[in-house]
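Just so it is clear, none of the values below were taken in a lab; they were calculated from the coordinates. As the structure is a prediction and not an experimental result, all values here were calculated from the model. Cβ placement follows ideal geometry from the backbone for every residue including glycine, while neighbour counts extend to all protein chains displayed.
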Amino acid sequence: MEYKNLLLENNDGITTLTINRREALNSLNSSVLAELECALYELDLDAAIKAVVLTGAGDKAFVAGADIKEMSELSSFEAHDFARRGQRLMLLINRMRKPVIAAVNGYALGGGLELALACDFIYASEKAKFGFPEVGLGVIPGFGGTQNLARLIGSNKANELIFSGRIINAAKALSWGIVNEVFPADELLLKVLETAREIAGKGTLGVAYAKDAIVNGLSMTKEDGFRYEASLFGVLFATDDQKEGMGAFLGKRAAQFQGK
Ligand code: CAA
């Protein structure tokens with residue numbers, strides 16, 4: 001499919017998906033949301049793709065939020081629908097079998113931070129900036145930000161960031177546990193791709209099931225999460241990937257996983 005607002009580049013089973021709407025700092029309007037949903041859905045179905053890297057075009061923004069111009073015209077009903085559409089995209093990223101890594105290269109504000117938080121983890125450039133300016137616009141984060149940020153860093157820090165609308169730099173985001181690592185701007189994509197390649201070399205089903213256990217286990221009691229983990233662990237013993245992984249270890253050779 002042809003995308004107006006996205007660039008897709010595939011290299012050795014890793015897709016770099018770039019949101020390319022520079023004139024509005026890659027902000028998310030309805031058509032960007034629809035294209036992202038479609039592209040990520042297709043990537044998830046493509047057995048040749050092992051990992052996805054999500055980033056923003058240009059050197060200024062990852063995504064500067066949901067599109068304020070478009071939102072300013074919405075009725076209450078339409079705003080609810082818009083939030084649900086954004087949330088559906090965030091949940092799709094959680095449900096994907098592939099890991100999705102956010103490479104935050106600039107502003108990640110509002111819906112942009114929500115998009116990064118929906119990814120499996122975040123690497124950032126030293127120039128990245130993070131925040132939820134929504135209360136300054138008279139609204140709240142609507143693409144899952146109140147839920148995902150509080151779950152990630154705890155409600156006290158989430159409260160401070162969301163209530164103040166303050167914008168924090170990459171070092172602060174690192175110290176708060178929002179991002180995993182910070183790199184000089186010109187190294188960010190290389191470092192993210194390095195990690196994506198490392199993941200792509202592991203058991204495809206193992207990575208997919210680990211994601212499933214972590215994402216779904218977070219909304220379970222610990223005991224139910226343990227039970228869920230054990231059932232996925234058991235299922236993996238019916239796969240070729242498990243036989244290949246353990247056989248390769250015992251045979252002192254590198255494993256070649258087929259994802260089945
Ligand atoms: N929506 C629509 N357009 C946006 C935008 C957004 N979120 N962010 C930036 N733009 C547009 C600007 O309007 C401007 O367009 P024009 O050239 O046509 O005027 C262009 O992108 C460049 O932006 P600036 O001139 O403002 O660039 P700057 O360097 O001076 O400032 C910025 C950068 C601090 C990121 C500033 O653009 C800004 O504050 N943007 C809005 C950030 C924001 O509030 N995001 C949250 C949105 S609400 C939300 O996301 C709700 C939700 O949870 C679903």
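See the values below:
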item: Cα Rg, Dmax (largest Cα-Cα span) when computed across the range 62-122, Å; result: 12.6, 36
item: Amide H contacts of residue 179 (H built 1.01 Å from N, under 5 Å, at least 5 apart or other chain); result: 174
item: Peptides ranked, highest mean first, by Cβ atoms within 10 Å: ranges 28-37, 118-127, 148-157, 101-110; result: 101-110, 118-127, 28-37, 148-157
item: Dipole-positive endmost among 188, 111, 155 within the range 6-200 (Cβ charges, Cα centre); result: 155
item: Helix axis angle, 188-200 relative to the chain longest principal axis, alpha carbon, degrees; result: 30
item: Compactness of the range 204-250 - radius of gyration and Dmax, Cα, Å; result: 11.9, 37
item: The range 169-260 shape via C-alpha gyration tensor axes, a/c threshold 1.5; result: oblate
item: HN-Hα J in Hz across the range 63-80 - Karplus 6.51, -1.76, 1.60, θ = phi - 60°, x for Gly and Pro; result: 8, 8, x, 5, 6, 5, 4, 5, 5, 4, 9, 7, 7, 4, 4, 5, 5, 4
item: Residue-wise HN-Hα coupling along the range 219-227, computed from phi with Karplus coefficients 6.51, -1.76, 1.60 (Hz; x: Gly, Pro); result: 9, 10, 5, 4, 5, 5, x, 4, 4
item: Against the rule of thumb 2.2 N^0.38 Å, how large the Cα Rg of the range 6-200 comes out; result: 0.95
item: Distance between the range 61-81 and the range 98-113 - C-alpha centres, whole angstrom; result: 18
